[in-house]
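Contents: one structure, followed by commentary.
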Amino acid sequence: MSKTMLQIEDLTVSVSGKEVLAGVSLCIKKGQCMALMGPNGSGKTSLLMSVMGFPQYKVTKGSIYFDGKKINDLSIDERARLGMGIMFQRPPAIRGVKLRQVIDVIKKNKFNVDRGSEQLNLKQFLDRDINIGFSGGELKRSELIQLLACSPRLAFFDEPESGVDLENIQLVGRVIKNILEQRRDNAGLIITHTGYIFDYVKPDQGCILVGGRLRCVGDARKILETVKKHGYQWCVTCEGQKLRKRVQRDRK
């Protein structure tokens, strides 16, 4: 049985005719959590959206495999049914649809809505329109209860710390850890700028995306500290050859 959960091979993606990812190759193994870092506009969210199958992200080259199955041609809902889920950085507000209603539709494994809402301090939001008038922390918690309900095998977290105060980041961090540990072979990919989430979720590996290309793979904390000292341009010029060797080794 393959130990690989997500395999991305030479992925090139365009949005409205503009290339946003170029030749990205990445491997996430079962039970592994990876941190994805990079400057604004580098293609991090585009990578998550492409893997989830959002139609505006056109794959012009390369392949995406989930648990050994090529998923390039699958729709978003088909990928979700396979066990993929995402926590959006800026989730949409949906008037006329209650949070409880969505959870009731998507929940798996007899998920207890009331217990989950208590865990995330969201009980008073269950019968409100989704994300209408929610604060930054409330938006993140709303996203997380939906992920908990879905029980994804592979979860994407797009900047879980952004717009969240210190009290909420503790709660968000603990729930993300819970999602990743629901099953022993669950995997995750976390986009982060600050690294605050590392206080609650320890990534097995980190990588840098700059200009739509992966530049560096290694220890997430060490990479973050280096970026703080030298900036992301260091990652463009430092050890690009090592990345290719790591990807090739992971494929074996």
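Throughout, read-outs are computed from the coordinates displayed, never taken from laboratory work. Values in this document were obtained by computation on a predicted structure and should not be read as measured data. Counting neighbours? That spans all protein chains shown, and the Cβs are built from the backbone with ideal geometry, glycine included.
Compared with the direct C-alpha span, the chain from residue 112 to residue 182 gains 23.8 nm at full extension, assuming 0.36 nm per residue. Specify the inter-centroid distance of the stretch 48-98 and the stretch 107-176, based on alpha-carbon positions, in whole Å. Taking the Cα centre of the stretch 107-176 as reference, the centre of the stretch 48-98 is 19 Å away. For the stretch 194-207, the Karplus equation 6.51 cos²θ - 1.76 cosθ + 1.60, evaluated at θ = phi - 60°, returns couplings of 9, x, 4, 5, 5, 5, 10, 10, 8, x, 6, 7, x, 8 Hz by residue, with Gly and Pro reported as x. Report, for the chain, the % of DSSP beta bridges that are antiparallel, rounded to 5. Around 60 percent of the beta bridges assigned by DSSP in the chain are antiparallel ones.
Three principal axis extents describe the C-alpha atoms of the stretch 4-251; from largest down they are 52, 40, 36 Å. Pairwise inverse Cα distances across the stretch 1-119, averaged and inverted, put the Kirkwood hydrodynamic radius at 16.2 Å. Dipole magnitude for the stretch 4-251: about 640 debye, using +1 per Lys or Arg Cβ and -1 per Asp or Glu Cβ, origin at the Cα centre. Taking amide H atoms as placed 1.01 Å from N in the peptide plane, the amide H of residue 132 lies under 5 Å from those of 94, each 5 or more residues away in sequence or on another chain.
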